[in-house]
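**Q** My questions will all concern the structure given below.
The values are calculated or read from the model by the stated rules, or taken from the named source; none is laboratory data. Computed from a prediction, not measured in an experiment: that's the story for all the values here. As a convention, Cβ positions derive from the backbone with ideal geometry for all residues, glycine included, and neighbour counts pool all protein chains shown. Note: areas computed on protein heavy atoms with side chains; ligands, DNA, RNA excluded. Shrake-Rupley method; radii C 1.70, N 1.55, O 1.52, S 1.80 Å.
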Amino acid sequence: MALEKKFDATTREPRLYQAWEAAGCFVAGANAKPEASSYCIMIPPPNVTGVLHMGHAFNNTLQDIMMRWKRMQGFDTLWQPGTDHAGIATQMVVERRLAETQQPSRAEMGRDAFLEKVWEWKEESGGQIINQLKRLGASCDWDREAFTMSGNFPDTVIKVFVEMYNKGLIYRGKRLVNWDPHFETAISDLEVENVETPGHMWHFKYPLAGGATYTYIEKDEDGNITLEETRDYISIATTRPETMLGDGAVAVHPSDERYASIVGKLCEIPVGPKEFRRLIPIITDEYPDKDFGSGAVKITGAHDFNDYQVAKRGGIPMFNLMDTKAAMRADGKPYAEEAAVAQAIANGTQEFDEAMIAAMNLVPQEYRGMDRFEARKKVVQDITDEGLAVMMPVTTTDDEGEETTTLIPYVENKPIMQPYGDRSKVVIEPLLTDQWFVDTDQIVGPALDAVRNGDVKIMPESGEKVYYNWLDNIEPWCISRQLWWGHQIPVWFDADGNQFCATTEAEAQANAGEGVELTRDPDVLDTWFSSGLWPIGTLGWPEETDALKRYFPTSDLITGQDILFFWVARMMMMQLAVVDEIPFKNVYLHGLVRDAHGKKMSKSTGNVIDPLDIIDEYGADALRFTNAAMASLGGALKLDTKRIEGYRNFVTKLWNAGTYGDFKGTFDVPHADGVPETTLPLNNWIKGEIAKTGEAVDAALETYRFNDAASTLYSFVWNTFCSQYLEFTKPVLDGDDAAAAAETKATYAWGFDQCLILLHPIMPFVTEELWGAKERPKMLVHTDWPTYTAVDLVDAQADADLSWTVAMIEAIRSARAQMNVPGGDFVPLVVVGMDAAATSAWNQNEALIKRFARIESLTVVDTMPKGTAALAVSGGAFGIPLDGIIDVAAEKARLEKTLGKLAKELGGLRGRLNNPKFADSAPAEVIEETKANLALREDEETKLKDALARISELG
RNA sequence: GGGCGAUUAGCUCAGCGGUAGAGCACUUCAUUGACAUUGAAGGGGUCACAAGUUCGAUCCUUGUAUCGCCCA
């Protein structure tokens, strides 16, 4: 059959994919050899409503390379695909759509109706990313496609929750959590992005109770007094004045002498109606930094993580000031009543508990219902108006040179780290709420040990350090979300708030007793709680499924380093906590795919590269090859379309090597499984080169060095197979020796097949297409991966002869080009003192050298004729006689340049060998190698010096 | 502030205790022979800087500078 002139990726790739799918090529266990070991990869599940971006394309290319390679090797493979319900992200998208289409809002339609809308949207868009993965060529077992909200998965999640609850690994409590005021839900630490933002630090006076005064003294480093004054206040610096209303104390460092005399006294929060101002104690704690601000900090336990710790230590009440939208609270009793109770607490005359404090609203009437940022402005204004802002002098000069000094409020402009929700992009508010937590301290140990003892390997190695660093300092994991889309927490409460955790409502009811009214916790679980169970969940746990037995623990996990904590670490902890086994053996982490200049791809920058556009323009194979070539362990991923173009050209190159073979009849050679028997040096040689390449590819993939595999194949196919071997077959296939031609045809056919096989994991489409151009027992996707080795196939003689031949051709071409010998002319070659090896190599490959270097004859002479261009080739002094036409100056320059390089090298080699310490210390083989190298270079130098001397005689 | 990394050709990046590599870009030449998505030849590097270890350092160690990412 004749091949098309070009490979049309756009039309061929989808058809090839369909053919694989139709033949069941990707089904778990397909092409497995009997008794094969298993090889399993879990896809990092993309968001169900997502679209394929370059990160997915990169990540899935690497996974597919591993899968296809292992499948061809006959492993029992499973690539488990699926999608994630992605709680916040999906709920956000659906809510936005509701708004855009003028439908009732989430709150208006209620939970059940809203969830129906989410499912509708999932059905509508859920298949998209899967189809995009297919365009990339991903060989997942689609029959097993999973989704974190359907099939057995929800049962798995609920069962794990119940088990962990029963083991005491999950608890509920009122804690300060990161609260997203936009989505009105708690989020985990990892979902918060801290961004440096311009901010202000205000300085306010908290008056001492009852008009008390003290002497405030500041000293410099040497203990000299720099400031001494009587104060009736303590100065407080804050970036968040609106939270002053919830202050429970002012804290100073225990060693801070400036405030020692007033510790234990009360001071007044300078906000709110004057008659109800609260008094709070001045306490000591290790937290305040003496050198920061005034050294005294206000303690607002309910709205700051550091203050929360101080308040917990000091038993200081934490007054919650804000509602779920982060507006100042408008509920509760009038301010006057609340403030009176709070004062009693501060005075120590009122008992209090957590629930009582939580119910109190200490927001003064005029602030109630205000947005937090509005409230901030008002607080600052009110305090300043009252004269309680710390003032600083500012001197200005007027037109007449008159200096005036005025006092203005002391406000520092300084960058502050502001927390933002990674999805909502609004400022996160620390908020005191009831949430569910995983007690990570209890389950982190095995996850750390598994990596420390090598059961799980993380690549690159730096990933392990990052992993340790995070897990060693892990915080409790807040797993409840005040969302609707997700796995609802399986806990029911009775009227007294008693918890009944069970897998079903009936079970909870049974535990609570008949007739007890129960309400289910409305919250859902963090998406990562369920995706943390992806390995066992997709394999059917808690059922002892066949898949679980065969494929768990899985083999490799290939994922972005950005989800090392979110996902990888949590899968480790969860799998070990639930089934007491590691989820996977190797973790390959990669970075973010960036643009050609290393910039993050973003819509606003406009530098986003859509993988589907790339596939349309260049084909999936080109994109995949680019991905593989970029994937050095730990390397940066900069995607340049020029590079993709280059690999598209490589696809074409391979295709043309196919059309050459087709043209020469190599596709008429029937398919055979074994390595062909050969006698010709060029055929012996290419077999060895292929074996070496195969070994290099295996070695690269075994160590996840995809870039090495790609560059080895690129260089072999383009340079060795096409530029050399293919060219060398021309004289034989066109020649009169029928036996030689037949052998070469068969060898070319086999060699080209090997290229297709070795390239298939990286470039599945074009290779399968070329494979299909001949009658075959199996599709390429299921063809056996080679097991021959270099030891089997390398013929040392052929190897040496062909290497010499290639070097000879290159030396002649180089000399010709530099001597300006017209390309078409055949020229004679002469040699003095040709040795046996060179003679043998010449005899074997004379036709090739003559044809490709355009040589008409080789003559052995006693002395070089005058005006000969010398060649730096081993085995004799070769030269091209160019008497009369030689450019003497050019030839001198050429020789001098080569001699210069040689001299530098010789200097290094001799220096090393002359150093007695080198002889003593270096390994014998290095010394031998150096000596041999020196001899070779000296020989070359002698010949070239002779040549230079001769040419110098001419001019 | 803590952690992790990077610095190699004009650009994007590999690499390695003992000859400095690729792709792109650049220069010159080639055009009916599988392929112009091509072929041939070529130019281009104090491997950031400094000290140390070593017979030998671009590579290992320490420090400096610059840049990046993650966590506070």
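Okay, residues lined up against (1) under 50 Å from the mean Cα position of the chain (by Cα); (2) touching a residue at least 12 places away in the same chain (Cβ under 8 Å); (3) surrounded by fewer than 17 Cβ atoms within 10 Å (Cβ to Cβ):
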site	(1), (2), (3)
A:ARG231	no, yes, yes
A:THR238	yes, yes, no
A:GLY246	yes, yes, no
A:VAL250	yes, yes, no
A:TYR259	no, yes, no
A:ILE262	no, yes, no
A:LYS265	no, yes, no
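**Q** State the number of residues belonging to segment A:175-193 that are open to solvent by 20 Å² or more (accessible area, probe 1.4 Å) and in contact with a strand residue (DSSP E or B) (Cβ under 7 Å, 6 or more places away or on another chain).
**A** Within segment A:175-193, the subset open to solvent by 20 Å² or more (accessible area, probe 1.4 Å) is A:175, A:182, A:184, A:189-190, A:192-193.
Of the ones still in play, those that are also in contact with a strand residue (DSSP E or B) (Cβ under 7 Å, 6 or more places away or on another chain) are A:175, A:182, A:189, A:192-193.
Matching residues across segment A:175-193 total 5.
**Q** Looking at segment A:593-628, which of the residues that are closer than 19 Å to A:PHE706 by Cβ and either within 8 Å of RNA strand B (Cβ to nearest atom) or of a type outside the set (A, V, I, L, M, F, W, C) (or both) is surrounded by the most Cβ atoms within 10 Å (Cβ to Cβ)?
**A** Of everything passing the filter in segment A:593-628, A:ASN627 is surrounded by the most Cβ atoms within 10 Å (Cβ to Cβ).
**Q** Also: Within segment A:674-724, how many residues are within 24 Å of A:ALA739 (Cα to Cα), open to solvent by 20 Å² or more (accessible area, probe 1.4 Å) and aliphatic (A, V, I, L, M)?
**A** 2
**Q** Let me ask you something else. Taking interchain pairs and intrachain pairs at least six residues apart, which have beta carbon atoms under 6 angstrom, with the first residue in segment A:756-785 and within 14 Å of A:GLY694 (Cα to Cα) and the second of a type in the set (Ser, Thr, Tyr) and open to solvent by less than 10 Å² (accessible area, probe 1.4 Å)?
**A** Listed by first residue and then by second, the contacts come to A:LEU756/A:THR767; A:LEU759/A:THR767; A:HIS760/A:THR767.
**Q** Quickly run through segment A:939-950 and pick out the residues that are open to solvent by less than 50 Å² (accessible area, probe 1.4 Å) and out of contact with any Ser or Thr (no Cβ under 8 Å at 6 or more places or on another chain).
**A** Selection gives A:GLU941, A:LYS943, A:LEU948.
**Q** I'd like the full set of residues that are at positive phi and modelled with pLDDT of 95 or more, limited to segment A:35-67. Break it down stepwise before answering.
**A** Of all residues in segment A:35-67, those at positive phi come to A:35.
Listed by number, the list is empty, since nothing qualifies.
**Q** Next question, about the same structure. Answer with yes or no whether A:GLY272 is in a loop (DSSP other than H, G, I, E, B) and touching a residue at least 60 places away in the same chain (Cβ under 8 Å). I'd like the intermediate steps shown before the answer.
**A** Details: in a loop (DSSP other than H, G, I, E, B): yes; touching a residue at least 60 places away in the same chain (Cβ under 8 Å): yes.
Yes; evaluated as a whole, the condition is true for this residue.
**Q** Quick check on A:LEU592: is it closer than 21 Å to A:ASN47 by Cβ and in contact with a Lys or Arg (Cβ under 8 Å, 6 or more places away or on another chain)? Walk me through it before giving the result.
**A** Numbers: closer than 21 Å to A:ASN47 by Cβ: yes; in contact with a Lys or Arg (Cβ under 8 Å, 6 or more places away or on another chain): yes.
Against the criterion (closer than 21 Å to A:ASN47 by Cβ and in contact with a Lys or Arg (Cβ under 8 Å, 6 or more places away or on another chain)), A:LEU592 qualifies.
**Q** On to the next question. For segment A:683-770, which helices (runs of 4 or more DSSP H) that fit wholly inside it have 2 or more residues that are more than 15 Å from RNA strand B (Cβ to nearest atom)? Steps first, answer last, please.
**A** Details: elements: A:706-715, A:727-734, A:738-759.
Passing ranges, in order: A:738-759.
**Q** Could you please find all residues in segment A:640-682 being within 14 Å of RNA strand B (Cβ to nearest atom), more than 43 Å from the chain's Cα centre (by Cα) and assigned to a helix (DSSP H, G or I)?
**A** A:PHE663, A:LYS664, A:THR666
**Q** From the list A:LEU848, A:LEU793, exactly one residue is touching a helix residue (DSSP H, G or I) at 6+ places or on another chain (Cβ under 6 Å), not small (Gly, Ala, Ser) and not assigned by TED's automatic domain parsing to the domain that holds A:GLY876. Which is it? Break it down stepwise before answering.
**A** Working: A:LEU848 fails: not assigned by TED's automatic domain parsing to the domain that holds A:GLY876.
On inspection, the qualifying residue turns out to be A:LEU793.
**Q** Which of the helices (runs of 4 or more DSSP H) found entirely inside segment A:81-156 contain at least 3 residues meeting this: touching a residue at least 60 places away in the same chain (Cβ under 8 Å)? Talk me through it step by step, then tell me what you get.
**A** On the way: elements: A:87-100, A:106-109, A:111-125, A:128-136.
Once the helices (runs of 4 or more DSSP H) in segment A:81-156 are filtered for at least 3 residues that are touching a residue at least 60 places away in the same chain (Cβ under 8 Å), what remains is A:87-100, A:111-125, A:128-136.
**Q** So which residues in segment A:291-301 are crowded, with 24+ Cβ neighbours inside 10 Å and among the hydrophobic types (A, V, I, L, M, F, W, C)? Step through it out loud before you land on a result.
**A** Step one: filter segment A:291-301 for residues crowded, with 24+ Cβ neighbours inside 10 Å, giving A:297-301.
Those that are crowded, with 24+ Cβ neighbours inside 10 Å and among the hydrophobic types (A, V, I, L, M, F, W, C): A:VAL297, A:ILE299.
**Q** Let me ask you something else. In segment A:870-888, which residue that is touching a Leu at 6+ places or on another chain (Cβ under 9 Å) and β-branched (Val, Ile, Thr) is modelled with the lowest pLDDT?
**A** The first filter runs over segment A:870-888 and keeps only residues touching a Leu at 6+ places or on another chain (Cβ under 9 Å), leaving A:870-872, A:874, A:877-881, A:883, A:886, A:888.
This time we only want the ones that are β-branched (Val, Ile, Thr), so: A:880, A:886, A:888.
Details: A:ILE880: 89, A:ILE886: 70, A:VAL888: 76.
My answer is A:ILE886.
**Q** Do we find that A:ARG71 is outside any loop (DSSP other than H, G, I, E, B), open to solvent by 10 Å² or more (accessible area, probe 1.4 Å) and either touching a Ser or Thr at 6+ places or on another chain (Cβ under 7 Å) or over 28 Å from A:LYS599 (Cβ atoms) (or both) in this structure? Walk me through how you get there before you give the answer.
**A** Working: outside any loop (DSSP other than H, G, I, E, B): yes; open to solvent by 10 Å² or more (accessible area, probe 1.4 Å): no; either touching a Ser or Thr at 6+ places or on another chain (Cβ under 7 Å) or over 28 Å from A:LYS599 (Cβ atoms) (or both): yes.
No.
**Q** Now a separate question. Select, from A:ILE443, A:ILE458, A:ILE474, the only residue that is in a strand (DSSP E or B) and among the β-branched types (Val, Ile, Thr).
**A** Working: A:ILE443 fails: in a strand (DSSP E or B); A:ILE474 fails: in a strand (DSSP E or B).
Just one listed residue meets the conditions, A:ILE458.
**Q** Please count how many residues of segment A:602-624 are within 18 Å of A:PHE7 (Cα to Cα) and under 18 Å from the mean Cα position of the chain (by Cα).
**A** Adding up the residues that qualify gives 2.
**Q** Given the conditions (1) open to solvent by less than 60 Å² (accessible area, probe 1.4 Å); (2) away from RNA strand B (no atom under 16 Å from the Cβ), and given that A:ARG172 satisfies all but one, which numbered condition is not satisfied?
**A** Exception for A:ARG172: condition (1).
**Q** Mind checking which residues of segment A:800-817 are buried (at least 17 other Cβ atoms within 10 Å of the Cβ) and within 16 Å of RNA strand B (Cβ to nearest atom)?
**A** So the first thing to find is which residues in segment A:800-817 are buried (at least 17 other Cβ atoms within 10 Å of the Cβ), and the list is A:801-802, A:804-806, A:808-809, A:811-812, A:815-816.
A:LEU802, A:TRP804, A:THR805, A:VAL806, A:MET808, A:ILE809, A:ALA811, A:ILE812, A:ALA815, A:ARG816 - these are the residues of segment A:800-817 that are buried (at least 17 other Cβ atoms within 10 Å of the Cβ) and within 16 Å of RNA strand B (Cβ to nearest atom).
**Q** Identify, by number, the condition in (1) of a type in the set (Ser, Thr, Tyr); (2) assigned by TED's automatic domain parsing to the domain that holds A:THR712; (3) buried (at least 16 other Cβ atoms within 10 Å of the Cβ); (4) more than 8 Å from RNA strand B (Cβ to nearest atom) that A:TYR588 doesn't meet.
**A** (2)
**Q** For a quick check of your reading: which strands (runs of 3 or more DSSP E) sit entirely within segment A:818-910 and have at least 3 residues that are out of contact with any strand residue (DSSP E or B) (no Cβ under 9 Å at 6 or more places or on another chain) and within 12 Å of RNA strand B (Cβ to nearest atom)? Before the answer, list the steps.
**A** Values: elements: A:827-832, A:855-860, A:868-871, A:877-881.
In segment A:818-910, no matching strands (runs of 3 or more DSSP E) lie anywhere.
**Q** Being in a loop (DSSP other than H, G, I, E, B) and either surrounded by 22 or more Cβ atoms within 10 Å (Cβ to Cβ) or free of Cβ contacts under 8 Å to residues at least 60 places away in the same chain (or both) is true for just one of A:PRO34, A:PRO44. Which residue is that?
**A** Answer to the selection: A:PRO34.
**Q** Further, regarding this structure: Could you list, in sequence order, the residues of segment A:531-584 that are in a loop (DSSP other than H, G, I, E, B), surrounded by fewer than 20 Cβ atoms within 10 Å (Cβ to Cβ) and at negative phi?
**A** Listed by number, the residues that qualify are A:PRO542, A:GLU543, A:GLU544, A:THR545, A:PRO553, A:VAL579, A:GLU581.
**Q** Within segment A:883-938, track down each residue that is surrounded by 12 or more Cβ atoms within 10 Å (Cβ to Cβ) and of a type in the set (S, T, N, Q).
**A** A:THR898, A:ASN915, A:THR930, A:ASN933
**Q** Here's another thing I want to ask about it. Any chance you could count how many residues in segment A:453-488 are out of contact with any Phe, Trp or Tyr (no Cβ under 8 Å at 6 or more places or on another chain), closer than 19 Å to A:ASP580 by Cβ and away from RNA strand B (no atom under 12 Å from the Cβ)?
**A** Number satisfying all stated conditions: 3.
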